[in-house]
1. Kindly provide the set of residues from the stretch 143-167 that are surrounded by fewer than 23 Cβ atoms within 10 Å (Cβ to Cβ), aliphatic (A, V, I, L, M) and not in a loop (DSSP other than H, G, I, E, B), ordered by number.
2. Of everything in the stretch 264-285 that's at pLDDT 80 or above and aromatic (Phe, Trp, Tyr), which residue is farthest from GLY228 (Cα to Cα)?
3. Taking the condition out of contact with any Phe, Trp or Tyr (no Cβ under 7 Å at 6 or more places or on another chain), closer than 19 Å to ILE276 by Cβ, surrounded by 18 or more Cβ atoms within 10 Å (Cβ to Cβ) and β-branched (Val, Ile, Thr), does VAL207 pass?
4. With the checklist (1) in a helix (DSSP H, G or I); (2) at pLDDT 85 or above; (3) closer than 30 Å to GLN68 by Cα; (4) not polar (S, T, N, Q) in hand, flag the one item ARG260 doesn't pass.
5. In the stretch 125-143, how many are of a type outside the set (Val, Ile, Thr), more than 20 Å from LEU84 (Cα to Cα) and over 21 Å from the mean Cα position of the chain (by Cα)?
6. For the stretch 181-243, which helices (runs of 4 or more DSSP H) that fit wholly inside it have 1 or more residues that are under 17 Å from the mean Cα position of the chain (by Cα), within 23 Å of GLY98 (Cβ to Cβ) and not basic (Lys, Arg)?
7. Among ILE281, ILE271, which is the only one that is out of contact with any Pro (no Cβ under 8 Å at 6 or more places or on another chain), of a type in the set (Val, Ile, Thr) and surrounded by 18 or more Cβ atoms within 10 Å (Cβ to Cβ)?
Amino acid sequence: MAQPPPPHSLSKQSRPSEAIVQAFLLFCGALSIFVTVGIVVVLGRESFGFFTSDEVNIWQFFTTTEWQPAIGKFGILPLVNGTLMTSFTAMLVAVPVGLAVAIYLSEYAKPRTKAVLKPILEVLAGVPTVVYGYFALTFMTPLLRSIFGADVVQIYNTASAGIVIGILILPLISSMAEDALSAVPHSLRMAALGLGATRLETTIQVVFPAAFSGVAAACIIGLSRAVGETMVVALAAGAGSAFTFNPFHAAETMTGHIVRIGGGDLSYQSIDYTSIFAIGIVLFFITLGLNVLSRRIVRRFRQVYD
């Protein structure tokens with residue numbers, strides 16, 4: 001008689017390829033953590049040398065409004081103010097336009113139209129930032145000078161840099177916000193429309209509140225991207241630190257100053273050199289705070305649907 005086949009084993013089967021993939025993913029995760037820790041260590045070590053210098057007063061570093069390392073003036077407020085001026089100008093452009101685009105793609109556009117427009121919009125994210133910088137300098141600034149007057153708008157100004165940064169982060173905000181809106185269950189839309197609401201009322205009063213956590217996170221991540229932008233502000237915002245709230249005047253940002261000073265002829269371990277890392281660690285904590293705020297908002301307003 002033929003022997004019956006042995007019963008199928010339910011024990012875990014060895015899969016070498018899956019083990020290799022798992023090991024590779026673990027390596028990538030560990031590498032990313034290692035790189036992040038390395039960046040923080042370098043920033044912290046060099047910044048410690050700056051803040052412990054006899055020429056630097058920590059209180060004056062955070063409260064005074066003059067940044068001239070060559071003559072011992074280390075007030076970071078002008079650089080922070082320039083960064084915030086360009087960033088919030090960018091948000092004034094990117095948030096309303098980005099949300100309008102996201103709402104159109106999610107609620108109004110036909111599938112074929114959406115399949116065409118969304119990739120075209122995301123192409124903007126692939127344009128090199130140096131191109132945006134020259135666009136701000138050669139197109140946006142002359143446009144603002146022709147509208148408001150050459151005596152009002154300086155050649156280098158935070159307004160043109162901020163507007164172009166807003167165009168730069170527009171794909172990021174619109175794409176993430178559209179994903180959040182599209183994730184809202186279709187049944188909520190049908191229920192609102194069945195109660196007599198118009199499509200606009202459904203979008204504003206039902207869909208948008210349901211996707212608020214994702215939309216808010218998209219806006220904060222866009223702001224974080226604007227704060228860290230370098231080439232646009234280095235080319236179009238100005239090259240001298242100035243504490244001004246006039247968007248038509250030149251003002252240097254933190255990233256722009258790092259690029260300008262870092263590209264100069266600085267001796268290693270000089271006070272000018274270590275000041276770059278002090279600015280860098282302040283910028284690091286600003287972006288870190290924005291990311292933490294984004295995660296808190298997502299956890300606070302997140303809604304889960306069955």
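1. Selection gives LEU143, LEU144, ILE147, ILE167.
2. This residue is TYR273.
3. no
4. Single failed check for ARG260: (2).
5. Going through the stretch 125-143, the residues of a type outside the set (Val, Ile, Thr) turn out to be 125-126, 128, 132-137, 139-140, 142-143.
Checking which are more than 20 Å from LEU84 (Cα to Cα) leaves us with 125-126, 128, 134-135, 139, 142-143.
With the extra rule that they be over 21 Å from the mean Cα position of the chain (by Cα), the set shrinks to 139, 142-143.
The qualifying residues number 3.
6. Working: elements: 186-194, 199-202, 212-227, 231-236.
Passing ranges, in order: 212-227, 231-236.
7. Numbers: ILE271 fails: out of contact with any Pro (no Cβ under 8 Å at 6 or more places or on another chain).
Going through ILE281, ILE271 in turn, the sole match is ILE281.
The values are calculated or read from the model by the stated rules, or taken from the named source; none is laboratory data. Keep in mind that this is a model prediction, so the values were computed, not measured. So basically every Cβ, Gly included, is an ideal-geometry build from the backbone, and we count neighbours across all protein chains shown.
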